[in-house]
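Please read the structure below before turning to the comments.
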Amino acid sequence: MRLSLLLLAAALLIAGPGRAYAACSVDPDLEDGVGSGCVRCSADGARCEECGERYGLKKDGTCVTCQPVLVGKLLEEKAPVRCYPATTVSKAGGFPALYPNAKGECEYCPTPGCNQCLPGNGTCVQCKVNHGAAPAEAGGVTCVECSTDLPALMCRTCDAKDTKKCLECRTSGEFLKDNQCVECSSVGIENCDECPDGKTCKTCGYGFALDASGKCVACPENCDDCSEPGKCSSCTGGFGPDGKGGCTACKIDPCTNCTTSLDTCEPLGCEFGFYFDAEKKACTPCAEGCNYCLGAPDNCYGSCDDGYGLVVKPDSKAACERCTLDNCTECNGDLAKCNKCNTTYFVDSATGACAKCGEGCADCESPTTCNACSTGLGLVDGKCQKCQLENCASCDEGLATCDFCADPYYLSDATKKCEQARLNRLFDLLSRQTTL
Ligand SMILES: *[C@@H]1O[C@H](CO)[C@@H](O)[C@H](O)[C@H]1NC(C)=O
Ligand SMILES: *[C@@H]1O[C@H](CO)[C@@H](O)[C@H](O)[C@H]1NC(C)=O
Ligand SMILES: *[C@@H]1O[C@H](CO)[C@@H](O)[C@H](O)[C@H]1NC(C)=O
Ligand SMILES: *[C@@H]1O[C@H](CO)[C@@H](O)[C@H](O)[C@H]1NC(C)=O
């Protein structure tokens, strides 16, 4: 009885009513305020674990659009954005795109629904997802939202003159039928990315190849992608070509990439902290503190271990050497000047040394302000104070509430307390399903 209920709960979670719906879905577009904003969901699909650029992860496992902060000058690469935990941010509305105006300042694109506009005059050149574009008198385009008759977010673009007419679907693996998007798999075309005519597959999904009969067949074992059935073009990490189209384990340990031959590891193919020594034909450890090295143990690049800084040596090799200041985790360029301090410390900009945050504070920029408290404490009235609920990891919304629980506890929707077993979670979710 208990088991069958669990199975039912699991089935409901996975399938849901009608079209598959999990609490978390990966967003193909990452456009402000349009999709879920999520780039990685948890294994059980219940919550988002990593949000895209310009999104912030909320405590309930959803992503929220970051609020652009209009500061004087546009930073070189990215528009300056800051993420507020934001209850004030309307997710549905999103934010209009930014562009550098003639004075080099950030400004919102003036055209409603615009996703990209030209630097200088702000002429809109691309509409947001779920919009149709029509030529504008002054050049560029105007954007109209697709009709609400089309399921929300089904369409990438619709006809601006007839917004009920979808022109391009948003999700790969769908095709247009009577101006609506239909999944290839719903007409029996499986593992297909593109089936424009709804009859045969044109492009198979990743990990599948088109066979002579127009079907998508899975690539060989331990193969990520193949151009034709049985012929691997890219083996999974740790595997290399077996000479017969398939993939077999690399002979070198710990090698993650032996694409060229089984007894060679690609230059960047050794695991973290190792490099390929061609003479020894082995992945060999990098020097102490060095996470990535190339050709020699002390030829470091990229990031160093915590407490080490990357410095260029007279022979123009870069090495990771120990930071000289206490509690310093990063000191690239100058070992006696800290870029980043350990948790509960901050960089004192006057001295470049690490100084202690206030009591119970894990992340701060000064001893009197706090961005985040240590585990088990909540930031309330600007101070880190003890959470009242047992096994609660954070309670910023109030000391008697819990934002999230310490591992392996989870926050029960029913009791609002930190509960223990994972199985209970399914029952909890089941009760949520039935109340929907
Ligand atoms: C806006 O600027 C672009 C070049 O950045 C130019 O091609 C276009 O003609 C301008 N449009 C208007 C309306 O001034
Ligand atoms: C393996 O190395 C090759 C060549 O260095 C590179 O092109 C390829 O992307 C790498 N594959 C993986 C899975 O990292
Ligand atoms: C940072 O703190 C942790 C635990 O408090 C400690 O183990 C680690 O050695 C510290 N690192 C540095 C560079 O001080
Ligand atoms: C910070 O540095 C001080 C002085 O060396 C040391 O006593 C303390 O343990 C360090 N804290 C951490 C977290 O590493």
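Things worth noting here:
- By the rule of a C-alpha distance below 23 Å, with chain neighbours fewer than 8 residues away ignored, the lysines paired with K103 are K73, K78.
- Among the listed pairs K128/K161; K251/K313; K313/K356; K58/K164; K58/K165; K386/K417, those with a Cα-Cα distance over 23 Å are K251/K313; K313/K356; K58/K164; K58/K165.
- Per-residue ³J(HN,Hα) for the range 140-148, Karplus 6.51 cos²θ - 1.76 cosθ + 1.60, θ = phi - 60°, Hz, x for Gly and Pro: x, 10, 9, 10, 10, 5, 5, 4, 6
- Amide H contacts under 5 Å for A318, placed H, 5+ residues apart: C300, K313
Read-outs: derived from the displayed coordinates by stated rules, not from any lab. All values reported here derive from a predicted model rather than from experimental measurement.
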